[in-house]
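Participant: Got a structure for you, questions after.
The values are calculated or read from the model by the stated rules, or taken from the named source; none is laboratory data. Since we're looking at a predicted model, the values are computed, not measured. Glycine also receives a Cβ, built like all others from the backbone with ideal geometry; neighbour counts cover every protein chain displayed. Surface areas here come from the heavy atoms of the whole protein model, side chains and all, with no ligands, DNA or RNA. Shrake-Rupley method; radii C 1.70, N 1.55, O 1.52, S 1.80 Å.
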Amino acid sequence: MKPLYKLATLIFPDRCPYCNCLIEPERIACPRCFEILRQKHIPLSLGVSGYRCVSSFVYGGKVRRMIIRLKFYDRTQYIPQIARVTVDDIKATFADIGFDCITYVPMHTKDEKKRGYNQSELLAKALSKELSLPCLDTLDKIKRTKKQHTLTYSQRRKNLSGAFKAKEGVDISGKSVLMIDDIITSGATLSTCCKALRRAKPKMICCATIASAKNVYPEESVI
Ligand SMILES: [Zn+2]
């Protein structure tokens, strides 16, 4: 280990994303969580309004607590470890696709300013390094929306209507794009983003998330 890195890990030691205990550098989880997650790691390959999507975990338990810490308690240090799990699922699920670039579900600028970061963007950037693909900033969230979890599926679609817009000058024409989000619940957010991005005429869009609340998928969106 390089001396500077050793010093950095003493100041900012790696932590298990799933229980927050200290872990050895380069590990993706502590031994206890690793064993639990190994059993729970059942990547889901689902369709979101016709778009293929892979999720590494079902949302709940340790994965739920990890996402809450990541989103609301500034634990962005978990991102590299999470990316190393998700990248394997992306490679296995989309082995037939040669992606040209990665992009992500954006936050409204006011919400991102308040949080200080967009966890989906950070995850997309970590995945872009793992996959050696460019990470492109392709969408803007132009409308602030209500919290999705309190709404029904049709209310979610209505809430998100017109919320996302492809950026001017974004060049993804004819390209295969991988869209990243942290969690998929109803699929409404990802399908709205894919729809907005289609205006830039990509060849195809597929999606990947850390977790999926698969039991709340509306039947018609599952293919
Ligand atoms: Zn742990």
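Participant: Taking a probe of 1.4 Å, how large is the accessible area per residue of the chain, in Å²? Mind dumping the intermediate values first?
Facilitator: On the way: 11960 Å² over 223 residues.
Result: 54 Å² per residue.
Participant: Same structure again: Report the Stokes-Einstein translational diffusion coefficient (µm² s⁻¹, integer) for segment 47-99, Rh taken as the Kirkwood radius over Cα pairs, at 20 °C with viscosity 1.002 mPa s.
Facilitator: Details: Rh = 12.7 Å.
Reported coefficient: 169 µm²/s.
Participant: Given the Cα atoms of segment 20-216, and with Rh set as the inverse mean 1/r over their pairs in the Kirkwood sense, what is Rg to Rh to two decimals?
Facilitator: 0.94
Participant: Additional query: Please compare each pair in Lys141/Lys165; Lys62/Lys147; Lys110/Lys141 to a cut-off of 18 Å on the Cα-Cα distance and tell me which ones are over it. Before the final figure, lay out the partial values.
Facilitator: Details: Lys141/Lys165 6 Å; Lys62/Lys147 22 Å; Lys110/Lys141 10 Å.
Over 18 Å Cα-Cα: Lys62/Lys147.
Participant: Scan around Thr138 for amide H atoms under 5 Å from its own, H built in the peptide plane at 1.01 Å from N, and keep only partners 5 or more places away or cross-chain.
Facilitator: So Thr138 has HN proximity to Tyr104.
Participant: Which of Ile79, Leu37, Ala188 sits farthest toward the positive end of the charge dipole of the chain, with +1 on the Cβ of Lys and Arg and -1 on the Cβ of Asp and Glu?
Facilitator: Of the candidates, Ala188 comes out farthest on the positive side.
Participant: Mean projection of the alpha-carbon convex hull of segment 104-223 over all orientations, in nm²? Let's see the in-between values first.
Facilitator: Numbers: hull surface 30.7 nm².
With every direction weighted equally, the projected area is 7.7 nm².
Participant: Want the number for His149 to Lys110: 0.36 nm per residue separation, take away the alpha-carbon distance, what's left?
Facilitator: On the way: separation 39, 0.36 × 39 = 14.04 nm, distance 1.98 nm.
That pair, His149 and Lys110, stretches by 12.1 nm at full extension.
Participant: Something else about it: What are the residues whose amide H is under 5 Å from the amide H of Arg15, where those residues sit 5 or more places off or on another chain and H is modelled from the backbone?
Facilitator: Result for Arg15 returns Ile23.
Participant: Collect residues whose amide H, placed 1.01 Å from N in the peptide plane, falls under 5 Å from the amide H of Met179; neighbours closer than 5 in sequence don't count.
Facilitator: Those qualifying (amide H under 5 Å, at least 5 residues apart or on another chain) are Thr103, Cys206, Cys207, Ala208.
Participant: Would you work out the charge dipole size for segment 92-223 about its Cα centre, treating the Cβ of every Lys and Arg as +1 and the Cβ of every Asp and Glu as -1, and quote it to the nearest 20 debye?
Facilitator: Dipole about the Cα centre, nearest 20: 700 debye.
Participant: If you take the charge dipole of the chain about its Cα centre, with +1 on Lys and Arg Cβ and -1 on Asp and Glu Cβ, which of Cys101, Pro134, Ala163 is farthest toward its positive end?
Facilitator: Farthest along the dipole direction, towards plus: Ala163.
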